[in-house]
Amino acid sequence: MSSHDWVIPAERASTMTAPDDLVARRSGMGAVVVPEPPEGVEVIPTTVAGVACVVCRPAVWARTIAYFHGGGYRLGSARVSTGFGIRLVEATGCQVVVVDYRLAPEHPFPAALHDAVGVVVELARHEPEGVVVAGDSAGGGLAAAVVAAAVGSGRPVPAALVALSPWLDLACTAGTFTSRAESDQLFSLASASAAAELYLQGHDPADPLVSPLWADLAGFPPTLVLASGAEVLLDDALALVAGLARAGRVVEAHLVPDLPHVWPTLLPDHPESVRALAVIARFLSDRT
């Protein structure tokens, strides 16, 4: 199976340059120290299907997770998310491939999706039971977009989807952008709208490949959605859960109160972060 068999729009040249504040934020994130992996876990920078990745893996693993980091499609990296990849390995026993997909505005939609699909297709060559796709925030949306692309292309869907605080509607219509504006200090309607503009660069935000809430959910695999009641993307998460339930799909939701957006990645020692990883591990073990 080749990614060329998938129905995805052709890549486009960017019409924008990265603003100075975005360049500065990227530089600051680059200073993040990658933790040393615990004994028994390897961390290997590599490429998969020509895309830079960081592979985090135990000595023996049962399945592979393709993990897509957050950052509004304009920030973040596999390196910055390696720490969470390691924790995911420890919790699940899976091999975790953190994908360094290309970022906007230098690489607008669909560059990130091409990278994501290419990695998933290549990993699936070695995974007879299929690859799990997962991600946080925009990465959760990208993981869901990979599923939407598989469904729309008539290709085998990933084995499961795990979405942490996913951004699923780039039109940014969620009511919780307003009702949770005070409690969510990490993501805002202004920030989301600016990020969407950099990523879309004129593309229709209702395209299911950028806003998977509008995808054919009847073809989705078992899905786990995690979200906080205090975050602006709560409505996106709840809409996906409701849509999958209405479509008769296997879906589980893990909802917590009073915690920030993507809390499992930001607060690794918080009891609810530990619990979230245990929920993910149990969900995946139930799928084998």
### Summary
The answer for Ala253, listing residues at least 5 apart or on another chain whose modeled amide H is closer than 5 Å to its amide H, is Val225
### Kirkwood hydrodynamic radius over Cα pairs of the chain, then Stokes diffusion coefficient at 10 °C and 1.306 mPa s, in µm²/s
86 µm²/s
## Note on the structure
Most exposed first, judged by fewest Cβ atoms within 10 angstrom, Trp61, Trp214, Trp167 run Trp61, Trp214, Trp167
### Query
Going through segment 25-120, which GluC sites (Glu not before Pro) have at most 12 other Cβ atoms within 10 Å and a DSSP loop state?
Glu39
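Would you calculate a helix-derived [θ] at 222 nm for the chain, using -39,500 (n - 2.57) for each DSSP H run of n ≥ 4 and dividing by the full residue count, to the nearest 500?
Helices in the chain give a 222 nm mean residue ellipticity of -10500 deg cm²/dmol.
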### Task
Please work out whether segment 1-98 counts as rounded, prolate or oblate from its C-alpha gyration tensor, where a ≥ b ≥ c are the square roots of the eigenvalues and a/c under 1.5 means rounded, while otherwise a/b larger than b/c means prolate and anything else oblate?
oblate
### HN-Hα J in Hz across segment 226-237 - Karplus 6.51, -1.76, 1.60, θ = phi - 60°, x for Gly and Pro
10, 7, 9, x, 9, 9, 5, 8, 4, 4, 4, 4
### Message
If amide hydrogens are placed 1.01 Å from N in the peptide plane, which non-local residues have theirs closer than 5 Å to the one on Val162?
### Response
Val133, Ala134, Gly135, Leu224
### Message
Can you pull out the trypsin sites (Lys or Arg not before Pro) in segment 185-288 whose DSSP state is coil and whose Cβ has at most 14 other Cβ atoms within 10 Å?
### Response
none
### Task
Could you please state, rounded to a whole Å, how far the C-alpha centre of segment 180-235 is from the C-alpha centre of segment 1-79?
19 Å
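Using the number of other C-beta atoms within 10 angstrom as an exposure proxy, rank Ser81, Ser273 with the fewest first.
Ranking Ser81, Ser273 by Cβ neighbours within 10 Å, fewest first, gives Ser273, Ser81.
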### Amide proton proximity set for Arg74, modelled H, under 5 Å, gap of 5+
Ala104
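Read the figures in this text as sums done on the coordinates, not as results from a lab. Bear in mind that the values here come from a model prediction, so they are computed numbers and not experimental data. Don't worry about glycine lacking a Cβ; one is built from the backbone with ideal geometry, like all the others, and counts go over all protein chains shown.
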